[in-house]
């Protein structure tokens, strides 16, 4: 036991002396033990040392509110923190989104990560891998939307039905799932509904209300569109806070 504690202290010292490998060893050990605050501490050290894997993992943990104290942080703040880690990960990976989506799909079993991974596989001619990822996305989203009433998974499932991804296209079922996700405060689902109702007059719905909700529920692009529609800079500020870089650039150039 004494030897174990000593070795752990040594790993800690090596991590903070600049060893990415030792940071990851410590982070994974604490993750396995479900001491998530400590795991986050060492992943953060790894991210500071420019380990893209650590940055990507932390972005997912914060955005999704997956571990420990991150679950208790207000959603807007979580998204802001997660966005900063995402930017760092993208910079280190040189915009290689595939690696980030692999972490989301394969390590965290997030349907959105699997869906985005499938799109990358498809665009690069890896059809078999694309089908596997789509299947996994569909299975996870179906289970979590129904069983856990997860708004993110209801949105992903709606997207798959609406666009005929892995399943037969069913616009009505897709919209029904978007409505469910939006009612559970998924801003992206609200924005998708805004676009549907804005562009198709057959629906007797108010697009403006869904656009407002998209920003209220922290969809960065939804906030940007609210600014474009209203000119109210508060939407621009929120969009920038949530990590949408064009909004931040606009703020710098707007008096």
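The values are calculated or read from the model by the stated rules, or taken from the named source; none is laboratory data. Keep in mind that this is a model prediction, so the values were computed, not measured. Ideal geometry is used to build each Cβ from the backbone, glycine not excepted, and the neighbour counts take in all protein chains shown.
What to note about this one:
- The set of residues in the stretch 175-202 that are assigned to a loop (DSSP other than H, G, I, E, B) and over 21 Å from the mean Cα position of the chain (by Cα) comprises 200, 201, 202.
- Test: residue in the stretch 115-138 that is under 22 Å from residue 221 (Cβ atoms) and not in a helix (DSSP H, G or I): no
- Note on the stretch 85-96: among residues that are part of a helix (DSSP H, G or I) and buried (at least 16 other Cβ atoms within 10 Å of the Cβ), the one that is farthest from the chain's Cα centre (by Cα) is 92.
- Residues of the stretch 117-129 classified as under 13 Å from residue 160 (Cβ atoms) and free of Cβ contacts under 8 Å to residues at least 24 places away in the same chain, total: 1
- Candidates 168, 152, 172, filtered to the one that is surrounded by fewer than 16 Cβ atoms within 10 Å (Cβ to Cβ) and assigned to a helix (DSSP H, G or I): 172
- Helices (runs of 4 or more DSSP H) contained entirely in the stretch 1-48, each with at least 3 residues that are within 23 Å of residue 63 (Cα to Cα) and either under 22 Å from the mean Cα position of the chain (by Cα) or modelled with pLDDT of 90 or more (or both): 20-32, 36-48
- Note on the stretch 28-52: residues that are touching a residue at least 12 places away in the same chain (Cβ under 8 Å) and under 20 Å from residue 101 (Cα atoms) total 8.
- Restricting 205, 250 to those that are modelled with pLDDT under 95, assigned to a loop (DSSP other than H, G, I, E, B), at negative phi and touching a helix residue (DSSP H, G or I) at 6+ places or on another chain (Cβ under 9 Å) reduces the list to 205.
So that you can scan it fast, the table gives a plain yes or no per residue for (1) modelled with pLDDT of 95 or more; (2) under 20 Å from residue 57 (Cβ atoms); (3) loosely packed, with under 15 Cβ neighbours inside 10 Å:
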{"site": "83", "(1), (2), (3)": "no, yes, no"}
{"site": "110", "(1), (2), (3)": "yes, yes, no"}
{"site": "130", "(1), (2), (3)": "yes, no, no"}
{"site": "148", "(1), (2), (3)": "no, no, yes"}
{"site": "163", "(1), (2), (3)": "yes, no, yes"}
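Conditions tested, residue by residue: (1) touching a residue at least 24 places away in the same chain (Cβ under 8 Å); (2) buried (at least 18 other Cβ atoms within 10 Å of the Cβ).
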{"residue": "139", "(1), (2)": "no, no"}
{"residue": "142", "(1), (2)": "no, no"}
{"residue": "177", "(1), (2)": "yes, yes"}
{"residue": "186", "(1), (2)": "yes, yes"}
{"residue": "211", "(1), (2)": "no, yes"}
{"residue": "221", "(1), (2)": "yes, no"}
{"residue": "234", "(1), (2)": "no, no"}
{"residue": "249", "(1), (2)": "no, no"}
